[in-house]
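Visitor: Here it is, the structure, as C-alpha cells.
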Amino acid sequence: MSDLKTAFFPQALYQYLLDNRVDLVLEPPHERLRCCGAELDHALGCYKRAMLHPSEVDWTSRQALRWFTRQFFNLHDGTWWCRWRGHRVAKMPTDLWMYQEILHETRPELIIETGTWEGGSAMYLADVCEAMRHGKVVSVDIKPIATPPHPRILYFTGASSTDPRIVADLAEGAREARTMVILDSAHDYAHVSAELEAYGPLVSPDCYLIVEDTDMFDTMMAVEHWLPQHPEFEIDMTREIFGLTKNPGSYLRRRKADS
C-alpha cells in the first residue's frame with residue numbers, strides 16, 4: 001500500500017483497500033491521485049468513497065483546509081450562502097474576492113459564466129465590471145431560478161451550456177474580445193469535460209478559465225484528465241493564497257501567446 005497517510009481514508013476503508021490490493025498514491029506538488037496496478041474504475045470508486053467519509057483522517061495541512069472549506073460551505077445543512085445585493089451566490093467569499101483581483105489585473109472584455117442559478121454571481125461580476133467601466137457578462141443556464149437585470153449582463157436560457165448553438169454564438173462573440181470563462185453548471189464528469197472542450201478555446205491568452213467546485217470528485221477528475229492535453233493552460237496556485245477555495249487546482253491561466 002502506497003503512502004496512505006496523505007489520503008482521505010477512514011480506517012475501515014483503509015482496510016478495504018488493503019484487502020482488495022488497491023494501490024493509490026497522491027503525488028506532489030498538488031497531491032493528485034495516481035492509480036497503480038488496479039482497475040481504474042475500481043480504484044477511483046474507492047477514492048470517491050473515501051472522500052465521502054473523511055473521519056479518522058491523518059491530515060496534512062492542505063487536506064485539512066479542503067475539509068474545512070467543505071464544512072464551511074455546507075454550514076446549516078446547505079442553507080447558508082453568500083449574498084450579493086440580496087441574491088444568493090453559491091461561492092466562497094475568498095473566491096469572490098479573488099475574482100475581482102483577476103478582473104482588475106486581466107481586464108477581460110467578455111466574461112462567460114455557465115450556471116446562472118439565482119444570478120448572484122453574474123450580478124457580482126457585472127458590478128465589478130461597472131466599477132472598472134469595462135467588461136460585460138454572459139451567463140448561461142437551462143432554467144435559472146432568477147435573472148436579475150443589469151446593463152452589463154446578457155442571459156442565455158433554455159438550452160444547455162454545451163448546446164452547439166450556444167457555444168457557436170459565444171465563440172463568435174469571443175472572437176474579437178478578450179475573454180475569461182467560469183464553468184459552474186452541472187458538475188458530473190461528462191458535462192464538465194464537454195464544457196472544457198467547448199469553452200477552453202474561447203479563453204484569451206493571459207486570461208483565466210476557472211472550473212468551479214473541483215473539491216467535488218467528478219469535477220476534479222475532469223480537469224485532471226483534460227489539462228495534460230492542453231499545455232496552453234497552467235494552474236495558477238497564487239489564486240489560492242487564502243487557503244479556502246472551492247476551486248483547488250482549477251484557476252487555469254492561458255499562457256501568453258509568446259510563452
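Visitor: With label points built 7 Å along Cα→Cβ from the Cα atoms of LEU244 and LYS256, find their separation and express it in nm.
Guide: 3.4
Visitor: Quick check: residue separation of TRP97 and GLU232 times 0.36 nm, minus the Cα distance between them. What number comes out in nm?
Guide: Between TRP97 and GLU232, full extension yields 46.0 nm more.
Visitor: Along its three principal axes, how long is segment 62-200 when you only count alpha carbons? Whole Å, largest extent first please.
Guide: Result, largest extent first: 42, 36, 30 Å.
Visitor: Tell me whether segment 162-206 comes out rounded, prolate or oblate; compute the Cα gyration tensor, take square roots of the eigenvalues as a ≥ b ≥ c, and use a/c under 1.5 as the rounded threshold.
Guide: Because a/c hits 1.5 or more and a/b fails to exceed b/c, segment 162-206 counts as oblate.
Visitor: What does the extension gain come out to for THR157 and HIS225, with contour length at 0.36 nm per residue minus their alpha carbon separation?
Guide: 21.6 nm
Visitor: May I pose another question? Determine, for each peptide in 227-235, 196-204, 127-135, the mean count of other beta carbons within 10 angstrom over its residues, then list the peptides with the highest first.
Guide: Result, highest mean Cβ count within 10 Å first: 196-204, 127-135, 227-235.
Every number in this text was worked out from the coordinates using simple rules, so none of it is lab data. Only a predicted model underlies this, so the values are computations on that prediction, with no experimental measurement involved. Heads up, the Cβs are rebuilt from the backbone with ideal geometry, glycines too, and the neighbour counts pull from every protein chain shown.
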